[in-house]
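The values are calculated or read from the model by the stated rules, or taken from the named source; none is laboratory data. Remember, predicted model here, so these are calculated numbers, not experimental data. No Cβ is skipped: glycine too gets one built from the backbone with ideal geometry, and neighbour counts run over all protein chains shown. What goes into the accessible areas is simple: the full protein's heavy atoms, side chains included, and nothing from ligands, DNA or RNA. Shrake-Rupley method; radii C 1.70, N 1.55, O 1.52, S 1.80 Å.
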Amino acid sequence: MGSMGESTATTVQELANAGKPDVPAQYMVRGNHDQQLATAVAAPIPVIDLCCLFKEDGAAVDEASKLRSALESWGLFLLSNHGIDTSMMDGMMSASREFFMRPLDEKQRYTNLIGGKQFQFEGYGNDRVRSPDQILDWSDRLYLKVEPENERRTALWPTHPVNFRDDLHEFTKKCGAVKDNLLQAMAKLLELDNDDYFVDQLGEKPETNARCSYYPQCPRPELVFGLKPHCDGTVLTLLMVDDSVGGLQVLRDGLWWDVPVVPHTLLVIIGDQTEIMSNGFFKSPVHRVVTNAEKERLSVALDYSVDHEREIEPSPQLIDEKRPALYRKVKVKDYIAGLYEHFSQGTMVIDTLQI
Ligand SMILES: O=C(O)CCC(=O)C(=O)O
Ligand SMILES: [Fe+2]
């Protein structure tokens, strides 16, 4: 097991495959976890039709108001008609699934532990362990920076299955267009004078990261998180989830809700950077993944961040006497660093910026 500043050397997949009836204490939720045991209710999360948003008719107006309400309330929504072929989505999901099914020693070639010890963000493995009392998540992950393209560390990109690299490259390209369209639609909703406001804020070297997550079956789902409650620290996340098992939940009004699974939609999750730039008009939701005793689960996410060297702040167009700036200006690099500190402690970094 890892000590301070290291990651765990054991994968969750190995723990799950050992077939023990219990889980190590480090994975068990401690303290106040009454919410963990509560059964969540299916959230009435809307499905937004991307093409419809860009039509020049009444249907577009209705779709935009659906989007506004989703952004102001849930902070996440499902997206249909996004232009990504179902075959490409299925291909990317199965490439990711096949990767996790490869032998452990093969996956370890892409480890996120340099020299078996020192943690780096990219690669295959688990979260960095920062303190002995950190609650660990029941998931393994392959984390890869996909943009800027010239910063890809191809050595960490799996060679098996053989289509993995091409699939991820193509999927990234397609999702990039979806992200730009969404950011334009969001700027329009806020009546910013430039529809490209958010796209421009991304800067010269925006960062996109891919996260393929694998949540093995867990013998103690009532005590163990697949992924502990957090907000995404990005502009937004595009997510493909397993269509055979749920597990993602979102917090609203003090209750946990199940996010419904609709095959071949993309789940869009608003991140903290959008909450800050929109001066809180759009919310970054607290969400988590619960574990399942019978079924393993898989997800593939692309998350989009403003260039780490830039600063973000509420758009001046969204500030007035009635609604002053709600967040301080922050350098994205510092924000992301703070995010991981807070994540391991189970707290929210955005709270530190509130004015
Ligand atoms: O696996 C999922 O459904 C969600 C993953 C997630 O929230 C994240 O990676 O930030
Ligand atoms: Fe997330």
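Would you point out which residue out of Leu104, Leu79, Leu113 is touching a residue at least 12 places away in the same chain (Cβ under 8 Å), closer than 25 Å to Arg220 by Cβ and aliphatic (A, V, I, L, M)?
Numbers: Leu79 fails: closer than 25 Å to Arg220 by Cβ; Leu113 fails: closer than 25 Å to Arg220 by Cβ.
It is Leu104.
Being open to solvent by 10 Å² or more (accessible area, probe 1.4 Å) and either under 17 Å from His287 (Cβ atoms) or out of contact with any helix residue (DSSP H, G or I) (no Cβ under 7 Å at 6 or more places or on another chain) (or both) narrows it down to one of Asp195, Asp200, so name that one. Write out each step before concluding.
On the way: Asp195 fails: either under 17 Å from His287 (Cβ atoms) or out of contact with any helix residue (DSSP H, G or I) (no Cβ under 7 Å at 6 or more places or on another chain) (or both).
It is Asp200.
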Determine, yes or no, whether Ala155 is under 20 Å from the mean Cα position of the chain (by Cα) and small (Gly, Ala, Ser).
no
Subset of segment 55-108, residues closer than 16 Å to Leu239 by Cα, open to solvent by 20 Å² or more (accessible area, probe 1.4 Å) and in contact with a His (Cβ under 7 Å, 6 or more places away or on another chain), comes to Thr86
Of the conditions (1) among the charged types (D, E, K, R); (2) touching a helix residue (DSSP H, G or I) at 6+ places or on another chain (Cβ under 7 Å); (3) more than 14 Å from ligand 2 (Cβ to nearest atom), Asp258 clears all except one; give me its number.
(2)
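Confirm whether Glu321 is within 17 Å of Gly271 (Cβ to Cβ), at pLDDT 85 or above and open to solvent by 80 Å² or more (accessible area, probe 1.4 Å). Let's see the steps before the verdict.
Working: within 17 Å of Gly271 (Cβ to Cβ): no; at pLDDT 85 or above: yes; open to solvent by 80 Å² or more (accessible area, probe 1.4 Å): yes.
No, not satisfied.
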Which pairs turn up if I take residues in segment 312-325 that are touching a residue at least 60 places away in the same chain (Cβ under 8 Å) and more than 12 Å from Phe281 (Cβ to Cβ) and look for partners that are part of a loop (DSSP other than H, G, I, E, B) and among the aliphatic types (A, V, I, L, M) with beta carbon separation below 6 Å, at least 6 apart in sequence or on another chain?
Ile312/Val306
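Go through segment 131-171 and give me each residue that's charged (D, E, K, R) and either part of a helix (DSSP H, G or I) or open to solvent by 40 Å² or more (accessible area, probe 1.4 Å) (or both).
Taking segment 131-171 as the starting set, the residues that turn out to be charged (D, E, K, R) are 133, 137, 140-141, 145, 147, 149, 151-153, 165-167, 170.
Answer for segment 131-171, where residues must be charged (D, E, K, R) and either part of a helix (DSSP H, G or I) or open to solvent by 40 Å² or more (accessible area, probe 1.4 Å) (or both): Asp133, Arg141, Glu147, Glu149, Glu151, Arg152, Arg153, Arg165, Asp166, Asp167, Glu170.
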Out of curiosity, is Leu248 of a type in the set (A, V, I, L, M, F, W, C), more than 13 Å from ligand 2 (Cβ to nearest atom) and at pLDDT 95 or above?
no
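In segment 235-247, how many residues are near ligand 1 (Cβ under 10 Å from one of its atoms) and more than 20 Å from Cys218 (Cα to Cα)?
In the first step, residues of segment 235-247 are kept if they are near ligand 1 (Cβ under 10 Å from one of its atoms); the result is 237, 239-242, 246-247.
Within this subset, residues satisfying the condition of being more than 20 Å from Cys218 (Cα to Cα) are 237, 239-240.
Number of matching residues: 3.
Each row is one residue, and each column tells you yes or no for (1) over 16 Å from the mean Cα position of the chain (by Cα); (2) assigned to a helix (DSSP H, G or I).
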position	(1), (2)
Val300	no, no
Asp303	no, no
Arg323	yes, no
Ile336	no, yes
Leu339	no, yes
Phe343	no, yes
Thr347	yes, no
With the condition kept exactly as written, say whether any residue in segment 337-354 is buried (at least 17 other Cβ atoms within 10 Å of the Cβ), over 30 Å from Pro221 (Cβ atoms) and aliphatic (A, V, I, L, M).
yes
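So which residues in segment 248-283 are more than 11 Å from ligand 1 (Cβ to nearest atom), open to solvent by less than 10 Å² (accessible area, probe 1.4 Å) and not in a strand (DSSP E or B), if there are any at all? Spell out how you get there, then give the answer.
Within segment 248-283, the first condition is being more than 11 Å from ligand 1 (Cβ to nearest atom), and the residues that meet it are 251-258, 260, 262-266, 268, 270, 272-283.
Now drop any that are not open to solvent by less than 10 Å² (accessible area, probe 1.4 Å), which leaves 266, 268, 270, 272-274, 276-280, 282.
Answer for segment 248-283, where residues must be more than 11 Å from ligand 1 (Cβ to nearest atom), open to solvent by less than 10 Å² (accessible area, probe 1.4 Å) and not in a strand (DSSP E or B): Asp272, Gln273, Thr274, Ile276, Met277, Ser278, Asn279, Gly280, Phe282.
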